[in-house]
Amino acid sequence: MKKVLLLLIMFLGFSCDDGDLDISSFEFEDEVNLCGTKDYTLYRLSTNEQREALIVTLTDQQIRKDEDIVLPVNVTASGAYTVTYRLFDDQLTDDYFCASVPPVEPTVLKDWRGVSGTIFVENQPIYDTDGETITGWRHYIVLIDVVLEVDDQELKLDETFVYGTLDTGPA
């Protein structure tokens, strides 16, 4: 009996505390949405009532309409290259991200900010059936070793997190 009690105490003493994370599903729609013309806001909404969003901000130096190599950029808490996870009190619409003045509602319940990591983007042309005419561009976005923080809590995304694919029109 003493061994069982000792094992129970050890288990409780060494068990992990997730910090009461408020992340309800962390499952997102496949579609990557885009707002902006030079400074871009990319976002994916949760499959669970669209109350969660995973947001990436980039510039026209990453989302480009050419095949030049795009240098990876470092995630910062604020600035041109950010990764943010937000949990809201109500369902989101595209207006939330694309409005010139951010709306007051829905209310942000948690605002996890990326404090480290890297964003990789690869831009590839989409060709017409003739194989020569470019009809648009496909942008592949991958997040590497991204760490998000809020208050004293930390959330690490998968080592290689495929954010998604975004298609834009011709140049």
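The values are calculated or read from the model by the stated rules, or taken from the named source; none is laboratory data. Only a predicted model underlies this, so the values are computations on that prediction, with no experimental measurement involved. To get the accessible areas, we keep the full protein, side chains included, count just its heavy atoms, and leave off ligands, DNA and RNA. Shrake-Rupley method; radii C 1.70, N 1.55, O 1.52, S 1.80 Å.
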Taking protein heavy atoms only, a 1.4 Å probe, and rounding to whole percent, the accessible area of the range 24-134 owed to carbon and sulfur comes out at 46
In Å², rounded to a whole number, the accessible area per residue of the range 32-154 with probe 1.4 Å is 52
